[in-house]
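Values quoted throughout were computed directly from the atomic coordinates according to the rules given, and no laboratory measurement underlies them. This structure is a prediction, so every number in the text was calculated from the model and none was measured. All Cβ positions, even for glycine, are placed from backbone atoms using ideal geometry, and neighbour counts span all protein chains on display.
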Amino acid sequence: MSLTPEIGGAHVRAVHDEFHGDLLEVSMGPHHPSTHGVFRMIVTLDGETIVKLKPVFGYLHRNHEKLGENTTYLASMPYTDRLDYLNSMSNNWAYALAVEKLAGLAVPERAEYVRVILAELTRLLNHTCLAGFLMQDCGCSGTPLMYAFREREKILDLFESLSGSRMMCNYQRFGGCRVDPPAEWLAGAQRLVDGYSAFLDEFEALLTGNEILMARTQGVGRLDPALAVSAGVAGPMLRATGVGHDLRKVDGYGVYPRFEFRVPVGAHGDTYDRYMIRILEMRESIRILQQALAGLPGGPVMDPKAKLRGFRPKAGEAYGRIEGPKGEIGFYLISDGGPNPYRYRVRPPSFINLTILEDMCLGHTVADAVIILGSVDIVLGEVDR
Amino acid sequence: METVEQLRDRLLARFPGASVTVISNPSPSAQHSLLLDHAHAREIALYLRDEPALKFDQCSNVTGIDWPEKEITETTKVTVPDPAGGPPKVVAQTTKRREPGYLEVVYHLYSLALRQGPIILRLRTGNRADAVAVPSLTPVWRSCEFQEREVFDLFGVTFEGHPDLRRILMWDGFKDHPMRRDYAEPDDYEWEPTPHGDVLAKAKKHYPEKPAAEPAKEAKP
């Protein structure tokens with residue numbers, strides 16, 4: 001039996017022939033633990049094979065964009081923490097970047113370095129959690145997830161000591177960062193980064209070559225690179241299909257062009273590649289962090305000309321995006337010269353990455369759909385907004 | 001990368017009869033956009049995707065904007081001859097005109113192959129009430145599928161040619177479009193039509209009807 005069934009229509013069979021009988025429609029979620037929150041999918045099954053899958057959204061919808069239009073620019077910053085609540089530092093940066101584009105603000109060099117350090121720590125945190133959750137979805141209950149959460153807690157401790165909150169950091173500002181990281185904090189970050197490779201070695205020794213993991217994930221949920229590009233898939237999901245597209249390289253925002261790092265790409269676009277890409281990206285993040293911590297310049301972390309109170313950018317619009325841990329997170333803002341944005345739009349990577357969920361799951365079993373969804377890496381706070 | 005003006009000229013040369021207008025953006029980001037007409041929108045989108053020199057293979061972001069009807073007050077100075085025969089007077093005259101409202105859909109395109117972008121496309125509806133259809137670009141870029149559904153759900157733009165145009169974030173029984181500027185929250189959220197109303201009505205069939213309430217006993221003296 002082949003572990004790699006064709007994606008597409010090959011396994012979609014006639015609905016009511018005598019051999020297959022009736023199809024079964026199963027509503028998975030919104031309270032199913034494998035759906036990472038309140039995601040729901042209506043799965044049509046032929047025996048155990050998925051012939052149709054329709055995601056249903058909106059259980060966590062609170063119209064984030066309307067909230068953004070009804071508050072000032074700065075007051076939206078803490079709301080962005082709640083989008084993808086694992087990666088609030090990245091969300092803050094994406095929003096700050098869009099507003100800086102809109103208002104033409106400059107960012108001091110030290111703040112750019114601090115942003116890179118925090119964004120890469122966030123990437124470590126997100127990818128570690130993802131690997132843990134993916135193992136949980138595979139049925140490896142507990143151990144890898146607890147190892148991952150142990151490391152995550154160390155990073156969250158750093159975030160808490162810097163911003164005052166573990167997850168809702170609210171740290172970036174337009175034109176810089178809120179507080180200057182003190183020397184002790186930087187020493188703590190350095191200790192964490194130095195020790196992270198050892199954790200990854202341990203984690204990989206446990207998982208990467210594991211035969212059960214390979215049997216469960218290799219060839220499962222293949223994604224075609226052309227479809228991935230067309231469907232707007234971004235981030236590790238896109239790179240796992242072999243498309244070497246990383247906004248840190250392509251846009252070169254912030255001070256990323258100064259750092260030396262590689263962009264890992266996959267070869268098969270299956271679930272195992274998506275897992276592996278994240279592990280390799282963490283290795284590259286450690287390299288970036290080492291360079292950023294070594295080269296951190298002195299100076300202010302806030303542009304002295306940037307205004308926090310009474311901030312009114314001139315009329316116009318801007319779209320700013322960064323490479324978040326889940327993919328391209330962008331903010332589209334329209335200003336009419338007032339204190340609130342006229343239009344505030346989030347480009348949510350988790351939501352758009354789900355466009356091709358059905359294409360990846362067709363022909364697989366329900367158990368495979370769970371790990372395919374796990375490898376997409378969604379956070380419902382961002383999907384439903 | 002070509003400027004927006006060059007791209008407009010290229011599109012106009014390629015598609016005679018199409019209407020392509022540059023909408024300039026005064027902010028420092030200088031991300032100008034192209035307003036397309038409905039009849040040629042999909043052809044132009046296909047051209048932008050497939051032309052080797054452009055290759056905008058990813059539609060990254062799709063969103064809607066609501067521009068309600070605006071009342072614009074203009075003050076002009078008019079010279080009026082004096083009926084009494086004196087020298088003509090200069091009088092300030094205020095005129096009010098109404099600018100009709102419309103809904104707008106914005107597409108941000110990037111080229112992964114050539115690493116360029118963004119190109120921003122805009123489509124406008126005729127008004128905000130009955131002419132709210134624009135052509136769907138989902139057949140061109142798959143990423144529009146959920147995002148156009150979201151614009152339909154929250155703004156009420158209908159996309160012609162969309163394979164599966166349903167509400168996505170709000171529930172199916174919801175009536176209004178909450179991202180419109182004039183959306184009013186209901187006073188009583190309990191009243192808001194939810195699927196529960198129908199479900200409860202159906203459930204009633206399973207229970208016997210309650211007997212009519214007995215007349216209240218007379219109060220003891």
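Estimated from helices alone, the mean residue ellipticity of chain A at 222 nm is -14000 deg cm²/dmol (sum of -39500 (n - 2.57) over DSSP H runs with n ≥ 4, per residue). A convex hull fitted around the alpha carbon atoms of the protein assembly as shown yields 279 Å³ per residue. Region A:64-123 and region B:6-39 have Cα centres lying 31 Å from one another. Averaged over the residues of B:55-64, the number of partner chain Cβ atoms lying within 10 Å of the residue Cβ comes to 6.
On a C-alpha basis, how far is the centre of region A:339-379 from the centre of region A:129-182 in Å? Whole number, if you could? Using only Cα atoms, the two centres lie 21 Å from each other. Among the listed pairs B:70/B:175; A:101/A:305; B:70/B:96, which are separated by more than 20 Å between their Cα atoms? Flagged as over cut-off: B:70/B:175. Along its principal axes, region A:292-385 has C-alpha extents of 57, 41, 17 angstrom, given from the largest down. Exceedance of the 21 Å cut-off in Cα-Cα distance is limited, within the set A:52/B:55; A:66/A:326; A:326/B:55; A:54/B:55; A:66/A:249; A:249/A:326, to A:52/B:55; A:66/A:326; A:326/B:55; A:54/B:55; A:66/A:249. For peptide B:164-171, the mean count of partner chain Cβ atoms within 10 Å of a residue's Cβ comes to 4. Within chain B, the proportion of C-alpha pairs whose separation exceeds 23 Å stands at 63%. Cβ crowding within 10 Å, taken as a proxy for footprinting-reagent exposure, orders A:120, B:74, A:317, B:69 from fewest neighbours to most as B:74, B:69, A:317, A:120. What percentage of all Cα-Cα pairs in region A:189-337 are separated by more than 29 Å? The share of Cα pairs beyond 29 Å in region A:189-337 comes to 34 percent. Footprinting exposure proxy ranking of A:150, A:274, A:110, A:347, fewest other C-beta atoms within 10 angstrom first, gives A:150, A:110, A:347, A:274.
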